[in-house]
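**Student:** Quick one: the structure is below, questions incoming.
The values are calculated or read from the model by the stated rules, or taken from the named source; none is laboratory data. Please read all numbers here as calculations on a predicted model, not as lab measurements. When we count neighbours, we look across all protein chains shown, and the Cβ atoms used for this are built from the backbone with ideal geometry, even at glycine.
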Number of protein chains: 2
Amino acid sequence: MAAVRTYVHPETEDISLPRVLFALSEPLRLEMVRKLAEEGEVDSIELGPDLPRSTLTHHTSLLRESGVAFVRAEGRKCMISLRAEDLEARFPGLVGTILAGYGRARAGERHEGRHAESADPETGR
Amino acid sequence: MAAVRTYVHPETEDISLPRVLFALSEPLRLEMVRKLAEEGEVDSIELGPDLPRSTLTHHTSLLRESGVAFVRAEGRKCMISLRAEDLEARFPGLVGTILAGYGRARAGERHEGRHAESADPETGR
């Protein structure tokens with residue numbers, strides 16, 4: 001029987017705010033977390049199919065070690081998911097607020113070059 | 001007349017989420033931002049009276065360049081404040097949520113070693 005790979009994760013109460021913020025301070029990792037929030041558990045390879053394997057592992061390890069993501073082996077695959085409930089318990093609203101800000105920033109980039117001359121007629125904002 | 005020192009700041013719409021998160025991912029800077037949120041504009045020296053001047057300048061410059069803080073010269077002093085409204089406009093709720101999480105983490109550290117055996121009788125949580 002082959003040994004099962006195991007991954008070390010911090011306990012929820014040991015998740016550190018500066019480390020979570022650092023994990024989310026890198027555009028590639030921020031995009032990974034957005035994807036995990038949207039899609040649930042995925043094969044980690046899907047988070048960076050075009051990345052060198054060592055780069056992908058660097059980022060997924062950092063997400064795991066900071067308490068942002070949960071990683072488990074499934075055969076030869078490495079499945080990864082967002083620790084959404086643990087993060088919510090530890091820092092209520094944090095990940096949602098950050099991902100909302102990220103969504104706004106991405107939407108702004110998509111519209112870059114177009115000036116917003118009027119407020120949204122639907123919401124008046 | 002002496003030249004007035006001026007400081008470069010990003011425009012509100014150019015404030016980048018990863019850079020803000022990076023600025024807040026360092027415990028010393030997180031504490032500086034907490035202080036600024038609480039006290040308003042202060043002489044930057046008050047953010048780190050015991051720090052080497054170069055260390056203090058490194059951190060205040062990073063807060064300014066990331067769009068988190070506004071810095072202005074006043075005589076020989078360097079006054080610093082949180083860009084609370086700009087940050088709120090760009091990333092609604094972000095700084096408040098992070099500082100709330102920071103407050104919770106700090107409170108947890110103060111009570112470290114004491115086990116929370118019962119829920120809060122007021123809220124049942």
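Residue-by-condition table, conditions (1) part of a strand (DSSP E or B); (2) of a type in the set (A, V, I, L, M); (3) under 20 Å from A:Phe22 (Cα atoms):
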| position | (1), (2), (3) |
| --- | --- |
| B:Arg72 | yes, no, no |
| B:Pro92 | no, no, yes |
| B:Thr97 | no, no, yes |
| B:Ala100 | no, yes, yes |
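**Student:** Give the number of residues within segment B:78-88 that are more than 17 Å from B:Leu21 (Cβ to Cβ) and surrounded by 12 or more Cβ atoms within 10 Å (Cβ to Cβ). Write out each step before concluding.
**Tutor:** The initial filter retains those residues of segment B:78-88 that are more than 17 Å from B:Leu21 (Cβ to Cβ), namely B:78-81, B:85.
Filter again for surrounded by 12 or more Cβ atoms within 10 Å (Cβ to Cβ), leaving B:78-81.
Number satisfying all stated conditions: 4.
Quick grid of which residues meet (1) without any contact (Cβ under 8 Å) to a residue 40 or more places away in the chain; (2) under 14 Å from the mean Cα position of the chain (by Cα); (3) in a helix (DSSP H, G or I); (4) surrounded by fewer than 21 Cβ atoms within 10 Å (Cβ to Cβ):
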{"residue": "B:Pro10", "(1), (2), (3), (4)": "no, no, no, yes"}
{"residue": "B:Phe22", "(1), (2), (3), (4)": "no, yes, yes, yes"}
{"residue": "B:Arg34", "(1), (2), (3), (4)": "no, yes, yes, yes"}
{"residue": "B:Asp50", "(1), (2), (3), (4)": "yes, no, no, yes"}
{"residue": "B:Leu56", "(1), (2), (3), (4)": "yes, yes, yes, yes"}
{"residue": "B:Leu63", "(1), (2), (3), (4)": "no, yes, yes, no"}
{"residue": "B:Gly67", "(1), (2), (3), (4)": "no, yes, no, no"}
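**Student:** Does at least one position in segment B:12-21 carry a residue that is away from every other protein chain (no Cβ under 11 Å), under 27 Å from A:Ile15 (Cα atoms) and β-branched (Val, Ile, Thr)?
**Tutor:** No, that holds for no residue.
**Student:** Still on this structure, please answer the following. What do you reckon, is B:Gly40 at pLDDT 95 or above, at positive phi and facing another protein chain (nearest Cβ under 10 Å)?
**Tutor:** Details: at pLDDT 95 or above: yes; at positive phi: yes; facing another protein chain (nearest Cβ under 10 Å): no.
Here the answer is no, as B:Gly40 does not meet what is asked.
**Student:** Hey, can you tell me all the residues within segment B:45-103 that are within 14 Å of chain A (Cβ to nearest Cβ) and hydroxyl-bearing (Ser, Thr, Tyr)?
**Tutor:** B:Ser66, B:Thr97, B:Tyr102 - these are the residues of segment B:45-103 that are within 14 Å of chain A (Cβ to nearest Cβ) and hydroxyl-bearing (Ser, Thr, Tyr).
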